[in-house]
Amino acid sequence: MSSVAENITAEVAVVGGGPAGLVSAIALKAAGINAVLIAPQAENDQRTTALLASSVTALATLGCWEACRPRAAPLASLRIVDDTRRLLRAPEVAFTAAEIGLDAFGYNIENRHLIAALTARAAELRLPRIESAARAASSDASGVTINFTGGMARALLAIGADGQRSLCRAAAGIGTRRNAYPQTALTLNLAHTRSHHDTATEFHTENGPFTLVPLPGRRSSLVCVLDPTRAETLAAISDAELSAEVERRSHSVLGKIGVEPGRGLFPLAVETADAFARSRIALVGEAAHVVPPIGAQGLNLGLRDAATLAELIADVRGQNLDIGSPGVLARYDAARRADATSRRIAIDLLNRSLLMDFLPVHGVRGLSLYLVDRIGPLRRALMREGVNPAASQPRLMRGEMV
Ligand SMILES: Cc1cc2nc3c(=O)[nH]c(=O)nc-3n(C[C@H](O)[C@H](O)[C@H](O)COP(=O)(O)OP(=O)(O)OC[C@H]3O[C@@H](n4cnc5c(N)ncnc54)[C@H](O)[C@@H]3O)c2cc1C
């Protein structure tokens with residue numbers, strides 16, 4: 001990746017080098033669009049991401065998956081266990097990718113490996129990168145200017161991939177709607193003595209899900225949703241105590257547990273931008289929407305943003321039209337809103353149904369899972385929708401280049 005500075009011009013300036021920004025920039029560069037990435041080196045990200053099959057297809061199409069594959073574990077099945085102590089408990093439900101003709105619903109990978117693979121691919125494609133943070137963004141009728149330490153970039157369109165506290169979003173005057181939940185996710189990776197058999201296991205508890213997702217070998221990642229005080233307490237105990245606690249909570253399904261160094265605490269919230277694009281600035285990833293880490297939706301949504309936007313830019317540019325015009329931005333907003341909204345509502349419903357101490361709600365959740373367990377076509381439709389959302393299939397997710 002060449003490092004450039006001073007004043008540069010490009011068709012598109014991508015701000016932010018997390019996975020959504022890197023994939024946006026790679027997709028544009030691969031489509032022959034003159035793009036520049038403005039991004040300091042990513043901070044150490046200890047999270048893992050379950051990439052659904054359509055995201056994996058997009059990464060493979062962009063030439064990024066080969067480097068990820070040895071670091072990623074397939075998710076061949078998903079088990080949901082009602083671990084609440086409530087009167088109306090749901091039956092245990094297992095979903096298997098083979099039922100819908102797939103080897104895996106997707107793959108789980110540590111973010112640091114994903115980002116390293118994307119960074120290497122961007123370098124291979126000779127994507128220009130400015131390794132400093134954007135300090136300001138401003139737009140006018142003919143373009144957008146991004147200022148960074150040591151220079152500025154001028155482009156027809158800026159892509160704000162700069163995360164939850166997006167400078168680009170603020171510069172475009174776009175507000176957000178945010179709801180915080182009374183929950184915090186404690187995250188860590190762990191080693192275990194029993195095989196996970198490529199199966200992710202989600203225990204539903206009164207405080208939220210406790211989810212173990214396979215990593216290669218006898219390792220898994222954990223997202224444990226708790227009330228904030230309990231999460232902080234657990235995050236502070238010794239490795240031995242935490243290993244024992246995780247083993248207890250997982251009912252020893254993975255045998256003896258050894259937690260690895262590095263624990264994350266993420267307060268749960270849902271946040272959606274009022275508009276996904278305005279004033280020559282389009283938002284992707286968490287700059288556009290944040291969803292709680294339940295059901296592995298966040299980055300999968302972000303990659304669909306990146307793929308949809310790159311496709312739109314390539315099409316509009318092919319017609320020699322202005323890629324940053326209000327009409328193009330409105331098309332992008334319309335293309336992404338339904339997908340983002342439906343995922344947010346589904347995650348919110350599931351999460352609230354666990355938190356509520358209201359018997360009929362538990363009855364409905366239990367009945368829903370019972371029906372899903374018993375009715376084959378419903379199960380398969382749900383699984384297909386989870387892996388390949390019908391409403392949002394940009395070309396990259398279908399294995400076609402932008
Ligand atoms: C515990 C947890 C588990 C999760 N698990 C999953 C999962 O299994 N599957 C899934 O799909 N999603 C998952 N997610 C969500 C996923 O992690 C996020 O959706 C994803 O990381 C967002 O990527 P992003 O590129 O939009 O933002 P980020 O990863 O936040 O990247 C933003 C980047 O922008 C940079 N930046 C910020 N400001 C500037 C600036 N002014 N100039 C330049 N650069 C800037 C930052 O340094 C950063 O590198 C999980 C989230 C959490 C919290």
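The values are calculated or read from the model by the stated rules, or taken from the named source; none is laboratory data. Just so it is clear, the structure is predicted and the values come from calculations on it, not from any experiment. With ideal geometry, Cβ positions are generated from the backbone for all residues, glycine too; neighbour counts draw on all protein chains shown. Just the protein is used for accessible areas: all its heavy atoms, side chains included, with ligands, DNA and RNA removed. Shrake-Rupley method; radii C 1.70, N 1.55, O 1.52, S 1.80 Å.
Tabulated data for the structure shown
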read-out: Residues that are within 22 Å of Ile80 (Cα to Cα) and near the ligand (Cβ under 6 Å from one of its atoms), drawn from region 284-295; value: Pro293
read-out: Which numbered condition Ser142 fails, given (1) more than 11 Å from the ligand (Cβ to nearest atom); (2) closer than 30 Å to Ala60 by Cα; (3) open to solvent by 60 Å² or more (accessible area, probe 1.4 Å); value: (2)
read-out: Qualifying residue in region 75-88 (condition: within 21 Å of Glu385 (Cβ to Cβ), free of Cβ contacts under 8 Å to residues at least 60 places away in the same chain and surrounded by 21 or more Cβ atoms within 10 Å (Cβ to Cβ)); value: no
read-out: Close pairs (7 angstrom Cβ cut-off, 6 or more residues apart or separate chains): aromatic (Phe, Trp, Tyr) in region 151-169, near the ligand (Cβ under 8 Å from one of its atoms) and open to solvent by 10 Å² or more (accessible area, probe 1.4 Å) anywhere; value: none
read-out: Qualifying residue in region 110-120 (condition: under 18 Å from Pro214 (Cα atoms) and touching a Gly at 6+ places or on another chain (Cβ under 9 Å)); value: yes
read-out: Failed criterion for Leu268 (all others in (1) open to solvent by 10 Å² or more (accessible area, probe 1.4 Å); (2) within 30 Å of Ala25 (Cα to Cα) hold); value: (1)
read-out: Only one of Glu43, Glu110 that is open to solvent by 40 Å² or more (accessible area, probe 1.4 Å) and of a type in the set (Asp, Glu); value: Glu43
read-out: Filter result (open to solvent by 10 Å² or more (accessible area, probe 1.4 Å) and more than 13 Å from the ligand (Cβ to nearest atom)) within region 175-191; value: Gly175, Thr176, Arg177, Arg178, Asn179, Ala180, Pro182, Ala191
read-out: Every residue from region 46-63 that is away from the ligand (no atom under 12 Å from the Cβ), surrounded by fewer than 20 Cβ atoms within 10 Å (Cβ to Cβ) and not in a helix (DSSP H, G or I); value: Gly63
read-out: Matching residues in region 120-139 - criterion: being within 13 Å of the ligand (Cβ to nearest atom) and either basic (Lys, Arg) or surrounded by fewer than 20 Cβ atoms within 10 Å (Cβ to Cβ) (or both); value: Arg129, Glu131, Ser132, Ala133, Arg135, Ala136
read-out: Single residue of region 274-291 satisfying the filter (within 17 Å of Ala180 (Cβ to Cβ) and touching a helix residue (DSSP H, G or I) at 6+ places or on another chain (Cβ under 6 Å)) that is surrounded by the most Cβ atoms within 10 Å (Cβ to Cβ); value: His289
read-out: Members of region 243-261 found to be out of contact with any Ser or Thr (no Cβ under 8 Å at 6 or more places or on another chain) and within 16 Å of the ligand (Cβ to nearest atom), listed by number; value: Val246, Glu260
read-out: Region 299-334, residues that are free of Cβ contacts under 8 Å to residues at least 60 places away in the same chain and either outside any helix (DSSP H, G or I) or under 18 Å from Thr272 (Cα atoms) (or both); value: Leu301, Gln319, Asn320, Leu321, Ser325, Leu329, Ala330, Arg331, Tyr332, Asp333, Ala334
read-out: Failed item, numbered, when Ile33 is tested on (1) open to solvent by 40 Å² or more (accessible area, probe 1.4 Å); (2) not in a strand (DSSP E or B); value: (1)
read-out: Residue satisfying condition, being on the phi < 0 side of the Ramachandran plot and within 16 Å of the ligand (Cβ to nearest atom), within set Gly298, Gly318; value: Gly298
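For (1) farther than 13 Å from Gly302 by Cβ; (2) modelled with pLDDT of 95 or more, each residue gets a yes or a no:
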site: Ser2; (1), (2): yes, no
site: Ala5; (1), (2): yes, no
site: Ala13; (1), (2): yes, yes
site: Gly18; (1), (2): no, yes
site: Ile26; (1), (2): yes, yes
site: Ala30; (1), (2): yes, yes
site: Ile38; (1), (2): yes, yes
site: Glu43; (1), (2): yes, no
